[in-house]
Structures are given as structure tokens and as C-alpha cells.
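Read through the structure below, which is laid out as C-alpha cells, and then see the notes.
Values quoted throughout were computed directly from the atomic coordinates according to the rules given, and no laboratory measurement underlies them. As the structure is a computational prediction, the values presented were derived from the model and not from experiment. Please note: Cβ atoms are built from the backbone with ideal geometry, for glycine as well, and neighbour counts cover all protein chains shown.
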């Protein structure tokens, strides 16, 4: 009986994800094309080794690890929504917390893929997995990261699939299980990002990373970038489905992001003050980022772009009027996403490694292969997210369950006009 | 009872479960990986023989020998380099490449010689590793060769997520090339730029292979793993000097047993002005720089 129900869930979900309009299929085809391009690029990399990347001994980590770090932040940011939704029972956000967890699951998939494509011997990946391999726990922070990322993935995946499946089966979810895991996922979200920060933080050889401000600053910037993506998703959801997401929920999230961005900028400022005022040899890395050193200015435009984007977003989000206007809100989200992507990705990795430990400056910028592989991984993540939403949304709307097949119904019944009212990039929401 | 279909079903399920369990356990134990150092003696010998045969076949060289000679008791190796003598000729760099079978294309060097200004003293920020004058030494310059400092408190071994690198009882930090996953965390952790990655398939012509190999040292490396100076483990464990010590034309390089009070390194440490690179990081190197004159 149970198995029967599960089979119907499986078949029903398969039918849901294979039915869609031209826009849906266009999006999926676009993602699949990126995945294929990334897979081909990765095949080249497997053949020729990491020499097809721009990484070399002086800059031994690059675009892959930068993206990994950024996405750990996105995954961790799900808590921004889970904390108020579950703990404080703040109504409007509660209904959308599940999308935060779906986002976390997709982000972790991307994180693990980015680590995987970065290692020189992917055939030996299992060396990390006891009992087959040896995990250097607790000595190596990378071992910690492998553990917490996978645990975080499992916790979020179980919560989300359980909730969705119960919605399908039209029965109450297991409160004990969900509550335990949700309460667990909050400190875990903090821990995945703290551990990832410690991974860099613990290296005395790299003074730019060896600053205890790194972990708090990681968390602050994560609480900006994760919700920025989610705000786009929520607006798209209510544009393309009849899912109701209240404006207050979106504005509340934007307000929280403003505080997080303030903290992020403050922590950055504190570190920059310390570096410039004390003016030791360690300043070199910060100068390489913002000014360029010895004729090498590759990072300078990006670094300043990130500063401008982050400050702009902070101003847009702290002023209630611009926060509530959907044009400026979306501009702010894009600014935050880009700003944090720069500062947490290449803006973190490259000045950390340049100049290298013996003073050499190697100007790194990713090769086409690296960009294709990275785009492929992002496409995998978006594909996972899209497919999960495609199943979860009709279930949440009560349109797809054990007795109903949504594939036979129109995607957006004309009886719900308010979904039409808010196109993502107009000011109509107020 | 025997007629009850549920019981029969549960019995069958149990049998199937046990069978699956047995197969899974079998599969599991057959593919549990082990580093060479974890293997029992006879199995380690078999793996070593296999590796030796593979290397012979790959390079078409019958003279290849692969040793796994262990550390001698009562020996901890130490190195001392006389900064007042070094002339920056880089003979050590190429002797090392030849001895340790580093990749020729792309080039990997375990020793990097930094040219410094006498006015500034030891200053890595202004060091130049790519100096290329017609003659060395140049006026106003001095030279600091850097290689693995064989730290006692090594940041690189600490961070390895799979314990593919460790410190041997004689103080040498080694890498198991068959266990390294190529994550390069050790390279980020090393304060001396001493670790090098095989970004491409190492190019080593068969005619240039040094056939006297040690499994933790100079045996040819595969693509995608990290490698580093091992104090020429294949030589020093047999009581010989590292290749760089022998190659130095001015006798700037000294090597010996730190536990032997009569060794040359001990004499240097006790009687000369000695300095340690990045002493503030507490890595406790077994590589000492000194001013002999």
C-alpha cells in the first residue's frame, strides 16, 4: 500500500516535470545545453589535467573554489527564512521557508560539484569516505567541511521531501521529525559557513585569510546573497503560478538583508582599517585587491565594483520606500548578488593567494574551460531547483496530490487574477 | 504455521536480506583503500613489486629499482644553508630535477632560488625568482634558495583531508602519490611554496629517468597529485648526501643527523648565526639558514 502510494508519487512527479509550456521547455533546454557544454569541457579537463585551467602553483585555487565558497553562503542563508518562519511563527514567511530549503539543497549540490571538479584525482574521491577511505578528522578543516556539507544536505533534503511527500499523500507530516530537523538545520547552516570560513582562516601562511573577522563576515554576506536569489525566485513564482506570496514577506526579507549588509560592510571596514593603519607586510594582499601591486591591477575594477554594488544595495534596502518599490528592490537584489559574488568568490580567493608565500605575483583569470565547467554546474543547480519547484509548488497549492493529477489541469487557472498583478520587474506590487 | 503466507514471505525476505548483506560486505571489504604504510608487510612488498614492474614497463628500463627503505632509528635529518656563500647559480635546482625525476614539460622545480637586495635584507616581497643575468653573483645581491623546510609542526600535513601526507620518524615530510586526491589544500597551507602540483601529465623522457627510486620519494608521479622535496629520501636513507648538497659548487649546503652531536649541521647550529624562515609561524623547520662568514 505504502509502496503503491510512493510509486504513484514518483510517476505523478515524472508526469508533472515532463509537462510544461514553451517557456518551461525553453528554460530546461537552455540549462541542459549548458550542462552538456560543461560536461564536454570537464571531459577535456579529465584528459589533459587541471592544466586546462589557469590555476598554477602560485595560485593553486581559483574560479571553482571561489564559486564553491559563494554557494556555501547561499546554502547557509536558508536559515534567514527558517528562523523567523518556524521559531517566531512569523506567518508570511512561513509558507515560503520551504523554498529556502529547496534552494539550500540545490546550492549544496553545486558546492559538492565545484569541489569535485577542482580535485586533481576525481577517481580517488572515495578516499574521503570512510570506511572505504580515510577522513582526516578532526585535524583537517576540509574533512569538517565534507562532513557538515553532506549532513546539511541530508537534513534539508529529508525535511523538504518529507513535507512535499506528505502534501502529496494528503496527510499530516511527522511533526517530531520535521521540528527536530528544522531546529537542527539552523545551527547547521551557521556551521557550514563557519567551517568553510575556518578552512581559509586557519592558514597562517595566508595572512589575508588568517583574520578572525573572516567567519562573521562570511555569515553576514551570506545573509545578503542567499535571500537576494530567493527574492527573485519568489517573484517569479507568483508571476508564473497561482502561488500567493505576500508583499510583506518580501519586504521583511529585504529589511533583514539591509541589516546583514550593514554588518557585512562594517566588518569589511574594520578589517581594512586594521590593515591600512598598521601597515605591515600583510597589507600587500589588501592592496593587491583594491589598488594593484607592481603593475598588476587585474582585481582592482572588480573589487571596487563590489564595493559600489554593496553600498548601493544597502542604501536601496535600508530606505523603506525603495525597499517597497519593486524596481529598486530588484535592482538592489541584483546588486547584492553581483557584489557578494565578487567579494566572496574571486575577491576572497585571489588576494588570499596573491602575492604567493614567496612574494611572486601571478595574475590569474579563469580559462574558457573553467567558465564552461562552472556554467554547467550552475545549470545543474538551477535544473535541480526548477524540477523540485515544479513538483513542490502544485503540491503546496493542493493541486497535485494522491487523488489529482495537475498535468491535466491548466497551469494557471483564470480564476486567480492576483497572480497576474505583480510582474517581477514593475512597480505594480505596491 | 508453514501454511501462513506472511511467515513465508518474511522468511524469504530474511534470506534475501542476509544474502544482500553478505555480498555488500564482501564488496565493501574488497574495495576498502589503504595507503602503502597501512598494509601488512607481505602485501606492501607485493604492491611494491607491482609498482616496480609497472615503472620498468612504462619507461622500458630494466635498471629500475624501487625501494621502500624505512627511517633509521636515532636519525632526524637536518639541513643548513650558508647564505653568505650561495652564489645563486641554480645548480642545486637542476641537480634536484635530475635526481628526483621531476617533470621536464611542464617544468617542476622543488628548489626555488630567490634573488634579494643586500640593501633590503631578507625581504620576500621584493624577491625575484626569475633573475637572469649573464653572470652570478651580481654586486649588491644575495640569494636565498627555498625548498621544503621539513617542518616539525607542519601546516601541510595537518590540513590534508585524507592523510596522504605525513612526517616520517626521521623528520622527512612525504606524500603518498597513490593516495593524494589533488585537492591542493596543503599548497594553500604551506608558508614556503614548497609543494608543487602536477597540473598536466608529467613529461619525463625515459632516457632521463633516474632509476634508483624510493616509493615515497623520486618515483615518477602521476598527473593530478602534489609532490615536494624529500631531502632525497632515496639517497639519505642509504647514508648519502642529497643531490643538492653534492651539486653546490661553493659548499653552501650542509646536511646531517640532528641527533648526532658531532654532525656538521649540529656544529653549524651551535656555532653560527642561524635564522629560520618565517620563524613567527612556529612551523619549526629542520632547515636552517646561516651566515658562515
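Couple of notes before you dig in:
- For the stretch B:154-197 versus the stretch A:187-231, the gap between their alpha-carbon centres in whole angstrom: 25
- Computed [θ] at 222 nm, helices only, for chain B once each DSSP H run of length n ≥ 4 contributes -39500 (n - 2.57): -8000 deg cm²/dmol
- Relative to the current alpha-carbon distance between residue B:122 and residue B:42, full extension at 0.36 nm per residue lengthens the span by 23.8 nm.
- Gain on full extension, evaluated as 0.36 nm per residue between residue A:262 and residue A:298 minus their Cα-Cα distance, stands at 10.2 nm.
- Part-to-part distance (alpha-carbon centres) for the stretch A:1-74 and the stretch B:234-267, which is given in Å: 53
- Distance from the stretch B:43-98 to the stretch A:257-305 (C-alpha centre basis), Å: 44
- Beta bridges per DSSP with both ends in chain B, % antiparallel, nearest 5: 75
- Based on Cα contacts under 8 Å between residues 6+ apart, the stretch B:47-149 shows a relative contact order of 26 percent.
- Using R0 = 35 Å, the C-beta based FRET efficiency linking residue B:282 and residue B:69 works out to 0.65.
- Paramagnetic reach from residue A:291 in the stretch A:325-364 [backbone N under 15 Å; point 7 Å along Cα→Cβ]: A:355
- Computed over chain A: relative contact order in percent, which uses C-alpha pairs under 8 Å that are six or more apart: 28
- 18 Å reach of a label modelled at residue A:210, 7 Å along Cα-to-Cβ, counting backbone N of the stretch A:267-282: A:271-272, A:274-276, A:278-282
- DSSP bridge orientation in the protein assembly as shown - percent antiparallel, rounded to nearest 5: 75
- Sequence of A:242, A:221 once ranked by neighbouring C-beta atoms within 10 Å, starting from the fewest: A:242, A:221
- Only helices enter this figure: runs of n ≥ 4 DSSP H residues, each worth -39500 (n - 2.57), summed and divided by the residues of chain A, yield -23500 deg cm²/dmol at 222 nm to the nearest 500.
- Among A:303-309, A:256-262, the peptide with the highest mean count of other Cβ atoms within 10 Å heads the list, and the full ranking is A:256-262, A:303-309.
- Segments A:354-363, A:111-120, B:123-132 sorted - mean Cβ within 10 Å per residue, highest first: A:111-120, A:354-363, B:123-132
- Förster radius 30 Å - calculated FRET efficiency between residue A:126 and residue A:248 (Cβ-Cβ, nearest 0.05): 0.05
- Order of A:24, A:64, B:291 under a 10 Å beta carbon neighbour criterion, fewest first: B:291, A:24, A:64
- As a length-normalised measure over Cα pairs under 8 Å and 6 or more apart, the relative contact order of chain B settles at 25 percent.
- Cα shape, the stretch A:191-259, gyration tensor, a/c 1.5 rule: prolate
- Taking a ≥ b ≥ c as the square roots of the Cα gyration tensor eigenvalues, the stretch B:77-291 comes out rounded, since a/c falls below 1.5.
- Per-pair calculated FRET efficiency, R0 = 35 Å: residue A:5 and residue A:368 via Cβ, rounded to 0.05: 0.15
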